[in-house]
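Undergrad: Attaching a single structure in structure tokens format; questions to follow.
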Amino acid sequence: MTNRPALVVHARGTADVQDAVRAARDHDLPLSVRGGGHDWLGRGVRDGALVIDLAGMRRVEVDARAGVATVAGGATATDLVGAASPHGLSAVTGTVGGVGVAGLTLGGGYGLLNGRFGLALDNLLAADVVLADGRAVTADATHEAELFWAIRGGGGNFGVVTSMRHRLYRVDPILAGMIFYPLPQAATVLDRLNEILSTAPDELTMAVAMLTDPGGAPGVALIPAWSGDPASGGAHIDRLQRLGSPAFAKVGPTTCVDMLRANDEQGETIGHHVASRTRSLPHFTPGTVSALVEAAATFTSPLSRVLCGQFHGAAARVPVESTAFGLRREHIMATIIGWWPPGDAEPHQTWADTVSEALAGDALPGGYPNGLGPADTEQIAHAYGPNAARLRAAKTHYDPSNTFTATPLP
Ligand SMILES: Cc1cc2nc3c(=O)[nH]c(=O)nc-3n(C[C@H](O)[C@H](O)[C@H](O)COP(=O)(O)OP(=O)(O)OC[C@H]3O[C@@H](n4cnc5c(N)ncnc54)[C@H](O)[C@@H]3O)c2cc1C
């Protein structure tokens with residue numbers, strides 16, 4: 001997919017964003033918002049649209065005493081965590097540093113601290129939002145409370161976030177890294193992992209990735225992060241290294257900044273083409289395990305992968321109706337990523353569709369809204385769980401003409 005916008009506004013502040021939103025309305029132009037530019041679906045740059053590019057709005061200010069960061073609408077995870085780090089603090093983000101904080105947070109924000117501190121959106125305290133009519137409002141627990149509820153899970157469907165306040169925590173050092181098992185061991189490892197995932201303390205959150213190692217061999221990578229007392233983390237990591245015979249294991253004390261940096265090396269998207277699908281899985285069922293092993297055995301590109309993010313602990317204890325995010329039970333969020341240098345798309349798209357279909361049988365209804373596109377109508381119908389009707393009502397109130405079309409609502 002190659003999208004060509006009609007024009008791009010390089011916004012420097014709220015007034016620029018307001019002018020751009022009003023200009024799009026006055027000239028009847030479709031609109032899209034580009035934050036960190038790391039969207040698997042390319043939603044930030046819409047074909048024929050006026051694109052509001054927030055890359056010039058990346059400032060992060062840290063109030064260390066309050067444990068709060070004020071984050072501009074175009075800031076990335078690395079901008080946020082990098083600004084907090086000199087104060088001995090960190091923030092809840094995704095696993096990759098280049099991903100925009102706003103894009104990630106508005107849709108959810110799975111990451112390696114979610115067992116301990118919830119999703120990124122559970123740590124959003126307030127947001128300044130430019131609405132479809134060009135007004136700038138602040139949304140928090142006491143101002144525009146319904147908008148504040150809706151943007152925590154409803155994605156970029158309600159306006160342009162020019163600034164956010166995020167809660168910060170003292171977590172460094174963490175224990176993190178990667179343990180890689182070759183493909184012939186993957187089924188056993190994934191099956192054995194179920195017990196560890198279901199009993200993991202809040203301090204241990206994991207990503208699991210079917211991918212190709214630097215030597216070209218497919219397999220399963222366990223990517224744990226222990227954010228509790230370093231002295232007691234070692235035993236948990238040891239268990240993960242004893243699920244089989246790892247080809248390599250590199251887990252040790254690190255910081256959140258370095259963890260993001262390490263994952264950036266794995267996840268640089270610029271210049272590549274992507275076909276992405278998402279499924280939410282209850283756990284690694286036998287059907288899921290064979291679908292994942294088959295996915296890795298049939299990779300059509302060494303860049304392709306299936307990323308599985310664990311959702312548990314603090315994230316799963318938030319009542320589902322308290323934000324628009326629709327799935328609060330423990331689960332595994334799988335992102336299927338066909339990823340290739342420019343060239344024939346067909347084999348990679350077919351691979352992604354095949355893997356998605358193979359996972360569908362044991363998947364929960366719906367899926368992660370940040371991974372769903374307009375064609376995923378069946379999944380979108382269930383993606384917001386019991387919050388769908390309230391979310392639709394908020395959309396009608398705040399954006400009746402559907403100016404912001406990030407992720408289709410049911
Ligand atoms: C390499 C990679 C790794 C990822 N890792 C994770 C992960 O660990 N956890 C996770 O949960 N997700 C992850 N994602 C998915 C990611 O959360 C979403 O794709 C997200 O939309 C990316 O935001 P962005 O600002 O970088 O993208 P953009 O393309 O800039 O924006 C995508 C959409 O987000 C909305 N948006 C962005 N900024 C604003 C704003 N300031 N105001 C209003 N709307 C805005 C808009 O609707 C926009 O169209 C990853 C994606 C990639 C490519």
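Undergrad: Expressed as a rounded percentage, what relative contact order does the chain have, with Cα pairs under 8 Å and six or more residues apart?
TA: Relative CO of the chain lands at 17 percent.
Undergrad: Shifting gears a bit: Considering all projection directions equally, how large on average is the shadow of the alpha-carbon convex hull of region 1-81, in square nanometres?
TA: Approximately 6.0 nm², given one-decimal rounding.
Undergrad: Shifting gears a bit: With +1 on each Lys and Arg Cβ and -1 on each Asp and Glu Cβ, and nothing else charged, work out how big the dipole of the chain is about its Cα centre, in Debye to the nearest 20.
TA: 480 debye
Undergrad: Rounding to the nearest 20 debye, state how big the charge dipole of region 60-170 is about its Cα centre with +1 on each Lys and Arg Cβ and -1 on each Asp and Glu Cβ.
TA: Around 360 debye, computed over region 60-170.
Undergrad: For region 296-335, what's the radius of gyration and Dmax over Cα atoms, in angstrom?
TA: When restricted to the Cα atoms of region 296-335, Rg and Dmax are 14.6, 41 Å.
Undergrad: Could you tell me how many degrees, from 0 to 90 and to the nearest 10, lie between the Cα long axis of helix 186-199 and the main elongation axis, the longest principal axis, of the Cα atoms of the chain?
TA: 70 degrees
Undergrad: In Å, the Kirkwood hydrodynamic radius of region 60-170 over pairs of distinct alpha carbons?
TA: That comes to 13.6 Å for region 60-170.
Undergrad: Can you tell which of ALA352, TRP340, LEU364 lies farthest toward the positive end of the dipole of region 338-410, using +1 and -1 charges on the Cβ of basic and acidic side chains (Lys, Arg; Asp, Glu)?
TA: LEU364
Undergrad: Something else now. For region 287-352 and region 54-130, what is the centre-to-centre distance using only Cα atoms, to the nearest Å?
TA: 23 Å
Undergrad: Compute the acute angle (0 to 90°) between the alpha-carbon long axis of helix 256-266 and the principal axis of greatest extent of the alpha-carbon atoms of the chain; round to the nearest 10°.
TA: For helix 256-266, the angle is close to 80 degrees.
Undergrad: Still on this structure, I have one more. Starting from region 1-72, pick out the trypsin sites (Lys or Arg not before Pro) whose DSSP state is loop and whose Cβ has at most 12 other Cβ atoms within 10 Å.
TA: Answer in residue order: ARG12, ARG65.
Undergrad: Mind putting a number on the dipole of region 130-254 about its Cα centre? Charges go on the C-beta only, +1 for Lys and Arg and -1 for Asp and Glu, and I need it in Debye to the nearest 20.
TA: In debye, rounded to 20, region 130-254 gives about 200.
Undergrad: Trypsin sites (Lys or Arg not before Pro) within region 313-355: which are DSSP loop residues with at most 15 other Cβ atoms inside 10 Å?
TA: ARG329
Undergrad: Pairwise over distinct Cα atoms, reciprocal of the mean inverse distance: report the Kirkwood radius of region 315-408 in Å, one decimal place.
TA: Taking the inverse mean of 1/r over all distinct Cα pairs, region 315-408 comes out at 15.3 Å.
Undergrad: Please give me, ordered by residue number, the trypsin sites (Lys or Arg not before Pro) of region 205-277 that lie in loop per DSSP and have at most 11 other Cβ atoms within 10 Å.
TA: ARG242
Undergrad: Apply the Debye scattering formula to the chain, with a single equal point scatterer on each alpha-carbon and no solvent, then give log10 I(q)/I(0) at q = 0.06 Å⁻¹.
TA: Treating every Cα as an identical point scatterer, log10 I(q)/I(0) equals -0.22.
Undergrad: Could you work out the helix-only [θ] at 222 nm for the chain, with each DSSP H run of four or more residues adding -39,500 (n - 2.57) and the total divided by the number of residues, to the nearest 500 deg cm²/dmol?
TA: The helix-only estimate for the chain comes to -9000 deg cm²/dmol at 222 nm.
Undergrad: Now for a different question. For the charge dipole of region 60-170, defined by +1 on Lys and Arg C-beta atoms and -1 on Asp and Glu C-beta atoms about the Cα centroid, which residue among LEU131, LEU104, VAL161 has the Cα displaced farthest towards the positive pole?
TA: Positive-most Cα among the choices belongs to LEU104.
Undergrad: Still on this model: Over region 7-53, what per residue volume does the convex hull of the Cα atoms give, in whole Å³?
TA: Cα convex hull per residue, to the nearest whole number: 57 Å³.
Undergrad: Measure nothing but the geometry: give the 0 to 90° angle between the long axis through the Cα atoms of 346-360 and the longest principal axis through the Cα atoms of the chain, rounded to 10°.
TA: Helix 346-360 sits at roughly 80 degrees to that axis.
FYI, it's all coordinate maths here, none of it is from the lab. No experiment lies behind these values; they were computed from the predicted model shown. Cβ sites come from the backbone with ideal geometry, for glycine too, and all protein chains shown count toward neighbours.
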